[in-house]
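Undergrad: Encoded as structure tokens, here's the structure I'll be asking about.
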Amino acid sequence: MSCPSYPQTRVVMEQTVRILKKDLRKMLKSRLGNLPNPYRRKASLEIFQQVEQMPVYIKSTAIFCYLAMPQEVQTRDFIERCLMEGKRIFVPKVLDGVGSHGRDMQVLEVVSLEDMDNFPKSKWGIPEPPADLSDDWKSNAYSCIDLVIVPGVGFDQKGQRIGHGMYVCST
């Protein structure tokens, strides 16, 4: 009986990690979904109050920020405060059927909070810029973004994140 070769062992380990991550995501999403809305709003406020005290935030001028799913840390009030402070805000627009994993992302600048509040909801319940935006919204902002706020289903004690498992590539 021979030992499995390294490539075979690696494939098995990667498959095992993928399964464990999927199970962990499912458990964490269930817990997040069961949090009462008043608690979620209060926790979101406290999280972003901490972010707003960080030197990287204070120095930032252009922030890429996700628009929250209902069960996530809510970003709308944070985005509003950023805009009031004169910071530029960029949000994602997921493009289905594009990219190496069937999804791609376009980065769009928020021109108006009122327009953002009227974004239609995506199939995941996320406010998302409509496909027919004017050129005012479209941006090639990658060179000016100096802070990125990303969602996470969970984080470990070192701050490493586990996301939704929906790889989206930004080009």
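The values are calculated or read from the model by the stated rules, or taken from the named source; none is laboratory data. All figures in this text were calculated on a predicted structure; none of them were measured in a lab. When we count neighbours, we look across all protein chains shown, and the Cβ atoms used for this are built from the backbone with ideal geometry, even at glycine. Protein only, heavy atoms only, side chains kept; ligands, DNA and RNA dropped before computing areas. Shrake-Rupley method; radii C 1.70, N 1.55, O 1.52, S 1.80 Å.
Undergrad: Could you tell me which numbered condition residue 152 fails, if it satisfies all but one of (1) of a type outside the set (D, E, K, R); (2) within 12 Å of the chain's Cα centre (by Cα); (3) at pLDDT 75 or above?
TA: For residue 152, the exception is condition (3).
Undergrad: Scan segment 69-87 residue by residue and report those that are in contact (Cβ under 8 Å) with a residue 40 or more places away in the chain and open to solvent by 10 Å² or more (accessible area, probe 1.4 Å).
TA: Hits for segment 69-87 are 69, 70, 71, 72, 73, 76.
Undergrad: Would you please list the contacts, defined by Cβ atoms under 9 Å and residues six or more apart or on different chains, that run from a residue in segment 49-65 that is buried (at least 17 other Cβ atoms within 10 Å of the Cβ) to a residue that is among the acidic types (Asp, Glu)?
TA: Filtered contacts from segment 49-65: 60/146; 62/109; 62/146; 63/146.
Undergrad: Here is a follow-up. All but one of (1) modelled with pLDDT under 75; (2) under 16 Å from the mean Cα position of the chain (by Cα) hold for residue 139; which doesn't?
TA: Result: residue 139 fails condition (2) only.
Okay, residues lined up against (1) assigned to a helix (DSSP H, G or I); (2) of a type in the set (A, V, I, L, M, F, W, C):
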residue: 13; (1), (2): yes, yes
residue: 16; (1), (2): yes, no
residue: 19; (1), (2): yes, yes
residue: 22; (1), (2): yes, no
residue: 25; (1), (2): yes, no
residue: 28; (1), (2): yes, yes
residue: 35; (1), (2): no, yes
residue: 42; (1), (2): yes, no
residue: 47; (1), (2): yes, yes
